[in-house]
1. So for segment 111-126 (the condition being within 16 Å of ligand 1 (Cβ to nearest atom) and part of a helix (DSSP H, G or I)), does at least one residue qualify?
2. Name the pairs whose Cβ atoms lie under 6 Å apart, with the first residue in segment 69-92 and touching a residue at least 12 places away in the same chain (Cβ under 8 Å) and aromatic (Phe, Trp, Tyr), the second crowded, with 19+ Cβ neighbours inside 10 Å and outside any loop (DSSP other than H, G, I, E, B), and 6 or more positions between them or separate chains?
3. Can you tell me how many residues within segment 175-204 are part of a helix (DSSP H, G or I) and surrounded by fewer than 24 Cβ atoms within 10 Å (Cβ to Cβ)?
4. Looking at Arg133, Arg96, can you tell me which residue is of a type in the set (Lys, Arg), surrounded by fewer than 24 Cβ atoms within 10 Å (Cβ to Cβ), away from ligand 1 (no atom under 16 Å from the Cβ) and part of a loop (DSSP other than H, G, I, E, B)?
5. Among the residues of segment 126-151, which ones are closer than 13 Å to Ala179 by Cβ, touching a Pro at 6+ places or on another chain (Cβ under 9 Å) and either more than 16 Å from ligand 2 (Cβ to nearest atom) or touching a residue at least 60 places away in the same chain (Cβ under 8 Å) (or both)?
6. For residues in segment 144-161 being surrounded by 24 or more Cβ atoms within 10 Å (Cβ to Cβ) and within 13 Å of ligand 1 (Cβ to nearest atom), which is farthest from Pro74 (Cα to Cα)?
7. Of the residues Asn39, Asn48, which is in a loop (DSSP other than H, G, I, E, B), within 16 Å of ligand 1 (Cβ to nearest atom) and in contact with a helix residue (DSSP H, G or I) (Cβ under 9 Å, 6 or more places away or on another chain)?
8. Can you find a residue that is in contact with a strand residue (DSSP E or B) (Cβ under 9 Å, 6 or more places away or on another chain), away from ligand 1 (no atom under 16 Å from the Cβ), more than 24 Å from Cys11 (Cα to Cα) and without any contact (Cβ under 8 Å) to a residue 60 or more places away in the chain anywhere in segment 230-237?
Amino acid sequence: MATRVKVLLDCDPGHDDAFAIIVASKFAEVLGVTTVAGNAPLDLTTKNARIVLDLCGSITPLHSGAGRPLVAEPIHAAYIHGESGMDGANFSAPSRPADGTDAVHFIIDTVRANPGVWLVPTGPLTNIALALRVAPDLVEKISGISLMGGGRFGNRTATAEFNIWCDPEAASAVFDSGAKIVMSGLHLTHQIMATPARIEMVRSAHAVVGPQLAGLLEFFSKMYKSLHDDFEGAPLHDVCAVLALTHPQFFGSSERHVAVEIDGAITRGMTVIDDRHVVSRAKANTKVLETIDSDAAFSLIVEAIRACPER
Ligand code: RIB
Ligand code: CA
């Protein structure tokens, strides 16, 4: 059996974060999960992570982290994810508490003990930026950072994607850190939507978890379709950051320099991707994912759901 890629997830569950955790549990070696405020306040993203780890029968360590961005005021996304941060299904109470509240030092210690691990953030980059600030040696010890964030257009604003927009200072520090970055931006993640047919694939994939996850996607998609004029369903943004590492064959990409706008009155939180064909173009610091085989990717999501324990 091929060695599974080692990952450390940093997330803000969050409907699509939930699917990213399930997919990573199936196809990667998850050394730990850390949580950050984003889609919902930290107590809720952490509770939701506990719930999802139970769904996939994972006992990987869980540590909560930053409850607010480095500089920006905390803003959440109940308008998309609901008041719980993961509305749409009823779950049993989580079976275990988080293992700690110091995500930053958990990340640092885990990377130092496991050189070559990938950091996979799917929420605001606050924890990652703090870990790199406290321990700059991490840049050389990780294989890279596969993140969901940014893109060639925005969602929270015309130019800024939610994860980057929440904490632009953190995002800027991560993109400027020198670490190898793999970026699943919105122009990629909008290619894999939870269409009604795909939601039925999820529902029938597992006797217990299937209907619950289908309920999450129905809620998530209802919210997305109410806010957009041409969406068939909610994009499974965060899953892309995991599959980019476990199944790179399903992606097309380009190497680009990416920087984060901090000061723009209307562009704060924008990921500025340098596509110019000029010899003076800045050295690429990011693999920008451009295409995904969404049918193949969604089949992997269904396969991961099937692997959840019956309980
Ligand atoms: O903009 C989409 C991103 O913001 C996803 O990670 C979603 O979970 C939210 O955090
Ligand atoms: Ca997320």
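The values are calculated or read from the model by the stated rules, or taken from the named source; none is laboratory data. Quantities reported herein were computed from a predicted structural model and do not represent experimental measurements. Note that we place each Cβ from the backbone using ideal geometry, even for glycine, and neighbour counts take in every protein chain shown.
1. yes
2. Final answer for the pair search is Phe91/Ile51.
3. Qualifying residue count for the region: 9.
4. On inspection, the qualifying residue turns out to be Arg96.
5. The first filter runs over segment 126-151 and keeps only residues closer than 13 Å to Ala179 by Cβ, leaving 128-129, 131-133, 135-147.
Okay, now just the ones that are also touching a Pro at 6+ places or on another chain (Cβ under 9 Å), so 128, 140-143, 145-147.
Across segment 126-151, the qualifying residues are Ile128, Glu140, Lys141, Ile142, Ser143, Ser146, Leu147.
6. Ser146
7. Selected residue: Asn39, the only one of Asn39, Asn48 that is in a loop (DSSP other than H, G, I, E, B), within 16 Å of ligand 1 (Cβ to nearest atom) and in contact with a helix residue (DSSP H, G or I) (Cβ under 9 Å, 6 or more places away or on another chain).
8. Scanning segment 230-237, I find at least one residue that is in contact with a strand residue (DSSP E or B) (Cβ under 9 Å, 6 or more places away or on another chain), away from ligand 1 (no atom under 16 Å from the Cβ), more than 24 Å from Cys11 (Cα to Cα) and without any contact (Cβ under 8 Å) to a residue 60 or more places away in the chain, so the answer is yes.
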